[in-house]
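Report on the following structure.
The values are calculated or read from the model by the stated rules, or taken from the named source; none is laboratory data. Everything numeric in this text was worked out from a predicted model, so none of it was measured. So basically every Cβ, Gly included, is an ideal-geometry build from the backbone, and we count neighbours across all protein chains shown.
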Amino acid sequence: MKNLFSNLKGDLFGGITAGIVALPLALAFGVSSGLGPSAGLYGAIFIAFFAALFGGTDTQISGPTAPMTAVSMVVIASIIAANDGDVSKALPTILMVFLLAGLMQIGLGVIGIGKYIRYIPYPVVSGFMTAIGLIILITQILPSIGYYPKEDIEYVNKFKPFVEEVILENILKEEAEEGILVLEDFKETIRRAEKITQADIIKESENLAANEAAGVLGTLKVLPRALKNISWLELALALGTIFIIYGFKRITTAVPSTLVSLVVMTGIALGFGLDYRPIEEIPSGFPIPNLEMFTNFSLGSLTPYVFTALTLALLGAIDSLLTSVVADNMTKTKHKPNKELIGQGIGNSIAAVFGGIPGAGATIRTVVNINSGGKTKLSGMIAGIMLLIILLGLGPIASKIPAAVLAGILITVGIGVMDYKGLKAIPVLPRDTKIGPFKVSSEVIIMLVVLFLSTFWNLVYAVGIGLVIASLMFMKKIGDLTAERSDVKSLKKEKAWTDEKNFPEELKEEVFIKHIKGPLFFGSTSDFQALTKQIPKTASTVIMRLDRMQYMDQSGLYAMEDMIQDLKSNGTHVQVLFVGLLRQPRYMMERIDIIPDFIPEDHIFDSFDDCIVWVKQNVEDTH
């Protein structure tokens, strides 16, 4: 505890400043997610406090971030849609997915996965971050111009016939489950249908309208209609917010421009008595646990989202550890990646129980904390406490913030989160792959695939597909390089190694020497398997130079076994000798008895000189 309070003044100022910076973003991310501003604020409070307390980066400030909110938005929208548009019905499943993601993060930290996060290819991260920016930008167009599909009566009425059809189908299904013969008893169907009020139909139609206009594609579908119904007041509030955010930065960066824009634009809206649309009301008082997520929990409703929860966990891990690296560079310290994942997982798990959206280490807030004097875990904990004090003291005032102001803040977040470094590199990256007649850069292809699939289809699957493509392309490159360096050539054609120059001239027809320069793995086995077809018919002995084959995987192991079997079964009874066999490949070959069944111990030599002695004694000059 002594260490925790070693920098009290700096941590106090750093934490308070970071908490104030986090406020407008927490509210905006909460609204953007679909669960409302309070969910963003609760997430910011609990993640900031507990991720700092249990995490492995002393100066990290955590809370809802753009990438985590973008994925959460997709999760929330799909679960709400699966529950007929009823948020209260969907909430237990949503929070359980978030809790599962937090528990998975703890698991990732416990099994030590933190150190492997750095192996995710840059093009995948770049495409994903740019997609996050585009998603936020596009989905904030409607609130920034004051268009809400649920409130467009003409648009909602289009869904009434479909809603009536769905209601009738549900009645017929209920009757079938109860064993009622529908064709013989239409009276029962009519009786049940009469219980459905016009208000029920309108409510369902509004939910369908909102679902239809959700996400990037939904926004683009209704955009022409939205532009005809612009609220110029809401647009002015959003543009004013954007103008202040970018303009105030030119005056000073000592005070966060997002907070300035929030206070100024809300003050203008209230001071002039404007007829604007406020955000949803933020509940006053201390957050209370949402016990319905446990009492109304159903395993069947959660199982379709297990992979999504894992994606949230991994994304939060990447987001947090990248911020940890930034913090390390600024403070000249070294974070503990696995401990950081455990801390983030605990923070996200507790936030989920209290109804908060998930988050991660936030770069801007962490930088603000460090620059303001924060040095220990206490700064992150103070940031969480600061937000709790704002919630308890200013909750009713915060509920008066215009929705368009938060939309404006999010638009600037979307612009800022895009990876311009990756986009600028597109024209200059080497074109190392051919698609038809065109030469293209494999890294650009990966980035664009992730970018477009994330933006217009599914964030979760896009990252998975990007990783698969990146892995396949990497394996192909390594396989090509290995094959290029390990061409199958006879001793006469292949450049001899230094210790092969004194090989007996008269035995060069009888002995074929094969150099394997690099790992034998699934990316290089196809070239290796061609070996038996290229061995000269005059050869009765094959020497495998394995000094530089450091690694062999299962594919390489079976390729080696097939090659030796082919040589021994084609009628020529070719003898195979190993030279310089290293420990890992030897262990693999001993597991399936290639050694000693196919290659006895007296055919394995530590040096090429020892092998030559054996060759001179056992190989006859027949050609």
Self-check item: Filter pass, Ile350 being β-branched (Val, Ile, Thr), more than 13 Å from Thr65 (Cβ to Cβ) and over 19 Å from the mean Cα position of the chain (by Cα)
Solution: yes
Exercise. Working carefully through the options Glu206, Glu188, find the one that is at pLDDT below 70 and in a helix (DSSP H, G or I).
Key: Glu188
Exercise. Among the residues of segment 218-236, write down those that are outside any helix (DSSP H, G or I) and not β-branched (Val, Ile, Thr).
Key: Asn229, Ser231
Self-check item: Residues located in segment 107-138, provided they are closer than 12 Å to Ala317 by Cα and buried (at least 21 other Cβ atoms within 10 Å of the Cβ)
Solution: Leu108, Gly109, Gly114
Quiz item: Which one is nearest to Leu95 (Cα to Cα), of the residues in segment 353-376 that are buried (at least 24 other Cβ atoms within 10 Å of the Cβ) and over 22 Å from the mean Cα position of the chain (by Cα)?
Solution: Gly355
Quiz item: In segment 88-123, what residues are within 16 Å of the chain's Cα centre (by Cα) and either at pLDDT 85 or above or of a type in the set (Asp, Glu) (or both)?
Solution: Val97, Phe98, Leu100, Ala101, Gly102, Met104, Gln105, Leu108, Pro123
Self-check item: Options Leu314, Leu322, Leu341; residue that is part of a helix (DSSP H, G or I) and in contact with a strand residue (DSSP E or B) (Cβ under 8 Å, 6 or more places away or on another chain)
Solution: Leu322
Quiz item: Of the residues in segment 237-280, how many are polar (S, T, N, Q), assigned to a helix (DSSP H, G or I) and without any contact (Cβ under 8 Å) to a residue 60 or more places away in the chain?
Solution: 1
Exercise. Inspect all residues belonging to segment 355-363 and state whether any of them is part of a helix (DSSP H, G or I) and farther than 28 Å from Phe286 by Cβ.
Key: yes
Quiz prompt | Answer residue from segment 466-523, given it is of a type in the set (A, V, I, L, M, F, W, C) and part of a loop (DSSP other than H, G, I, E, B) and is modelled with the highest pLDDT among those | solution = Phe503
Quiz prompt | Odd one out for Leu27, checked against (1) farther than 30 Å from Lys375 by Cβ; (2) touching a helix residue (DSSP H, G or I) at 6+ places or on another chain (Cβ under 6 Å); (3) assigned to a helix (DSSP H, G or I); (4) in contact (Cβ under 8 Å) with a residue 40 or more places away in the chain | solution = (1)
Exercise. Identify, from the list Ser454, Ser399, Ser379, the residue that is surrounded by 14 or more Cβ atoms within 10 Å (Cβ to Cβ), among the hydroxyl-bearing types (Ser, Thr, Tyr), at pLDDT 90 or above and closer than 30 Å to Pro37 by Cβ.
Key: Ser379
